[in-house]
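Peer 1: Got a structure for you, written out below as structure tokens; questions coming shortly.
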Amino acid sequence: MTKIKTITALSSLSSPQQASEEIHQQLNHGDLGFILFYCSSVYSLPAIALSIQALFANIKVVGCTTAGEISSAGDQEHSIVAIGFSSKYFAISAELIKSMSGFDLLDAQKTINRLSEKCTSKALTTIKNNTFLLTLLDGLSFEEEHFLASLNSAAAGIPHFGGSAGGDDHLSNTHVYYDGQFYQQAAVVIMVNTICPFEVFNCHHIKRATEKLVVTKVDAPRRTVYELNAEPAALEYARLLNLEVKDLCPTVFSLNPLAVKVGGQYYIRSIQKVNEADLSLTFYCAVDVGIVLTAVEMDDILDSLSAKLTDISERYGKPELVLACDCVLRRLEIEHKNLNTQVQALNSQYKIAGFNTYGEHINGIHLNQTFTGVYIAGGSNE
């Protein structure tokens, strides 16, 4: 049998059973020890869970729902993308945290220890310098920040990226999948120990900062801002853009984001929706009273990603796989600007697979309108 490191599968069949069977056929290889999948929430999730569990009974499978799927053939919708990992190149362990609420440093340390022990038991290579973490979180849990901060504190420098599960109908039906069942308000933490060279990275396309807005009234636990600069939040944001509140929509949010400055770097805090009843704005990431949200001008969305991938490829050689967590608002911008053909070419060149998220994770930080991922180098199969 031909040696493989990873296999990527894609199915756009509408039947859960048939789509799962097509994925199974494409991943039919004896070396696979772990499968990661991303699926549209338009599917019947109980039917998907039943099919996946039956077809891959002897392989660990985890995944989540999406706001869009990503494959080397380009951006997808109403589909399933799955990646199989060879046990000859990857020792992978995963754990489900059924409730993200209350997850603290002690919980995180126990989780990291158990994941490390499972990977070490497979005797592939040392944990240090050969390991990264991937997180899949419920994207409507409101728990991402504290969860990621706790996990990062326990990770002891292990590089980490991930994404928050999305939903096709936008702002509902977000789930993570673990061992035959979909869960809400939950997280899956995956540890990947590998003999393949890799680099965890993130990329955004912020060009420059412009006008500043101060959060003056907020419901922080619900990430809802009632006032910016002591004015109704939606009115003040619309004023900034010379628009009417009725014109505000996800595409406008994607093209005109707000950001916070942390440690000299800007991190986007994307707007999720306008609440018409009180003209408040709900965000995908944490917001609090007194923080300064800065309007930012964006650069070319693909130039920055292409430059990042070119730089990594010059150091590591051709990719085996780029596993991606890319914000749904970046996808909206790509669609608005008719860049799908260019995206397809980039995805094909770098073997990109993954999903569109409701939030991205990088080394303990929860952020938006960012591409986070891991570049796994190819090279010889010998």
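Peer 1: Only residues that are open to solvent by 20 Å² or more (accessible area, probe 1.4 Å) and either within 12 Å of HIS204 (Cα to Cα) or outside the structural domain of ILE352 (by the TED database) (or both): list them for segment 303-312, please. Break it down stepwise before answering.
Peer 2: Residues of segment 303-312 open to solvent by 20 Å² or more (accessible area, probe 1.4 Å): 303-304, 306-308, 310-311.
Of everything in segment 303-312, those that are open to solvent by 20 Å² or more (accessible area, probe 1.4 Å) and either within 12 Å of HIS204 (Cα to Cα) or outside the structural domain of ILE352 (by the TED database) (or both) turn out to be ASP303, SER304, SER306, ALA307, LYS308.
Peer 1: What residue, of TYR266, TYR237, is of a type in the set (Ser, Thr, Tyr) and free of Cβ contacts under 8 Å to residues at least 60 places away in the same chain?
Peer 2: Going through TYR266, TYR237 in turn, the sole match is TYR237.
Peer 1: Could you check segment 6-20 and list, in sequence order, the residues that are of a type in the set (Ser, Thr, Tyr), within 14 Å of ALA47 (Cα to Cα) and open to solvent by 30 Å² or more (accessible area, probe 1.4 Å)?
Peer 2: Scanning segment 6-20 gives SER14, SER15.
Peer 1: Looking at the structure I just gave you, is SER306 out of contact with any Lys or Arg (no Cβ under 9 Å at 6 or more places or on another chain), under 22 Å from TYR89 (Cβ atoms) and either outside any helix (DSSP H, G or I) or touching a residue at least 24 places away in the same chain (Cβ under 8 Å) (or both)?
Peer 2: Considered against the rule, which asks whether it is out of contact with any Lys or Arg (no Cβ under 9 Å at 6 or more places or on another chain), under 22 Å from TYR89 (Cβ atoms) and either outside any helix (DSSP H, G or I) or touching a residue at least 24 places away in the same chain (Cβ under 8 Å) (or both), SER306 comes out as no.
Peer 1: Do you know which residues across segment 76-96 are closer than 22 Å to ILE127 by Cβ and not in a strand (DSSP E or B)? Even if it seems obvious, please write down each step before you answer.
Peer 2: Residues of segment 76-96 that are closer than 22 Å to ILE127 by Cβ, as a first pass: 83, 85-96.
Across segment 76-96, the qualifying residues are SER87, LYS88, TYR89.
Quick grid of which residues meet (1) within 30 Å of TYR89 (Cβ to Cβ); (2) in a strand (DSSP E or B); (3) not assigned by the TED database to the domain that holds THR372:
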site	(1), (2), (3)
ALA259	no, yes, yes
ASP288	no, no, yes
GLU314	yes, no, no
LEU323	yes, yes, no
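Peer 1: Has segment 50-71 got at least one residue that is over 25 Å from MET191 (Cα atoms) and under 22 Å from the mean Cα position of the chain (by Cα)?
Peer 2: The answer is no, given that none of the residues of segment 50-71 is over 25 Å from MET191 (Cα atoms) and under 22 Å from the mean Cα position of the chain (by Cα).
Peer 1: Would you check which residues across segment 120-146 are modelled with pLDDT of 95 or more and open to solvent by less than 20 Å² (accessible area, probe 1.4 Å) and list them?
Peer 2: THR131, PHE132, LEU133, LEU134, THR135, LEU136, LEU137
Peer 1: Next question, about the same structure. Considering only residues that are buried (at least 19 other Cβ atoms within 10 Å of the Cβ) and not polar (S, T, N, Q), which ones fall in segment 343-358?
Peer 2: Result: VAL343, TYR350, LYS351, ILE352, ALA353, GLY354, PHE355, TYR358.
Peer 1: Is it the case that some residue within segment 29-44 is free of Cβ contacts under 8 Å to residues at least 40 places away in the same chain, of a type in the set (S, T, N, Q), within 16 Å of ASP168 (Cβ to Cβ) and surrounded by fewer than 21 Cβ atoms within 10 Å (Cβ to Cβ)?
Peer 2: yes
Peer 1: Which condition breaks for PHE355 when tested against (1) assigned to a helix (DSSP H, G or I); (2) under 19 Å from the mean Cα position of the chain (by Cα)?
Peer 2: (1)
Peer 1: Any chance you could count how many residues in segment 244-280 are among the charged types (D, E, K, R) and surrounded by 22 or more Cβ atoms within 10 Å (Cβ to Cβ)? If you could, list the steps in order and put the result at the bottom.
Peer 2: If we filter segment 244-280 for residues that are among the charged types (D, E, K, R), which is where we start, we get 244, 246-247, 261, 269, 273, 276, 278.
If we keep only those that are surrounded by 22 or more Cβ atoms within 10 Å (Cβ to Cβ) as well, we get 269.
The number of residues fulfilling the criteria is 1.
Peer 1: Can you tell me which residue among VAL214, VAL274 is more than 25 Å from the chain's Cα centre (by Cα), on the phi < 0 side of the Ramachandran plot and assigned to a strand (DSSP E or B)?
Peer 2: Going through VAL214, VAL274 in turn, the sole match is VAL214.
Residue-by-condition table, conditions (1) touching a residue at least 60 places away in the same chain (Cβ under 8 Å); (2) open to solvent by 20 Å² or more (accessible area, probe 1.4 Å):
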site: ALA54; (1), (2): no, yes
site: ALA57; (1), (2): no, yes
site: THR66; (1), (2): yes, no
site: GLY74; (1), (2): yes, no
site: ALA94; (1), (2): yes, no
site: LYS98; (1), (2): yes, yes
site: SER101; (1), (2): yes, yes
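Peer 1: Output the residues belonging to segment 292-301 that are crowded, with 18+ Cβ neighbours inside 10 Å and not in a strand (DSSP E or B).
Peer 2: Scanning segment 292-301 gives a single hit, ILE301.
The values are calculated or read from the model by the stated rules, or taken from the named source; none is laboratory data. These numbers come from a predicted model, not from an experiment. Neighbour counts run over all protein chains shown; Cβ positions are idealised from the backbone, glycine included. Ligands, DNA and RNA are stripped out before the accessible areas are found, and what is left, the full protein with its side chains, is counted by its heavy atoms. Shrake-Rupley method; radii C 1.70, N 1.55, O 1.52, S 1.80 Å.
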